Amino acid sequence: MHPQDLDDIMKIWLNENLNAHHFIDPSFWKEHLDEVRTAISDSDITVLTEEERVVGFLGMNQNYVEGLFVDKVYQGKGYGLALIRSAQENHPFLQLSVYQKNTSAITFYQHCGFCILSEKTQSNQNFNEFLMEWRKTRRE
């Protein structure tokens, strides 16, 4: 990630959270913009660009996927899959949390080989989340 990418990354983060999480009050995402901006600056971020435009990114904290976001215009073109596959190549296992109501994300991660490990309730939003995990197999 380059420092000049941060504004584009934050726009994608906000827009795609609003699009994917219609069941959460939009003010929740807007209230956390500064906190997320700081977290992103301190995280391991992989950015995908097309013609010098940020189209998606993946945030990692060791083996934990903090977030995967692709601009809506570029969704369905393999960018999210490319980001996950890159992380899978570089880690023996990956974990992530996803809202239970975000069925399209759950389906995507299952397609990428993730399994649901457990369910929990997120305390600040009172929505159920799944903890999902992918592990590298011997043949990978």
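A few comments on the model shown:
- Label-point separation in nm, S27 to D44, each point 7 Å along Cα→Cβ: 3.8 nm
- Accessible area per residue, Å², the chain with all protein chains present, probe 1.4 Å: 60 Å²
- Among the GluC sites (Glu not before Pro) within the stretch 13-68, those in coil by DSSP and having at most 13 neighbouring Cβ atoms inside 10 Å are E51, E52.
- Rg over Rh for the stretch 3-63 works out to 0.97, using Cα positions for both radii and the Kirkwood form for Rh.
- By accessible area, using a 1.4 Å probe on protein heavy atoms only, the chain has 46% of its surface on carbon and sulfur.
- The eigenvalues of the Cα gyration tensor, multiplied by 5 and square-rooted, give the chain an equivalent ellipsoid with semi-axes of 22, 20, 14 Å from largest to smallest.
- Taking all protein chains as they are arranged and a probe of 1.4 Å, the heavy atoms of H22 leave approximately 150 Å² accessible to solvent.
- In range of the label at T137: residues from the stretch 75-108 whose backbone nitrogen is under 20 Å from the point 7 Å along Cα→Cβ: 81-82, 84-96, 107-108
- For the stretch 38-102, the alpha-carbon coordinates run over 30, 28, 26 Å along the three principal axes, in decreasing order.
The values are calculated or read from the model by the stated rules, or taken from the named source; none is laboratory data. Bear in mind the structure is a predicted one, so any value in this text is a computation, not a measurement. A quick note on method: Cβ atoms are made from the backbone with ideal geometry, for glycine too, and the neighbour counts reach across all protein chains shown. Heavy atoms of the whole protein, side chains included, go into the accessibility calculation; ligands, DNA and RNA do not. Shrake-Rupley method; radii C 1.70, N 1.55, O 1.52, S 1.80 Å.
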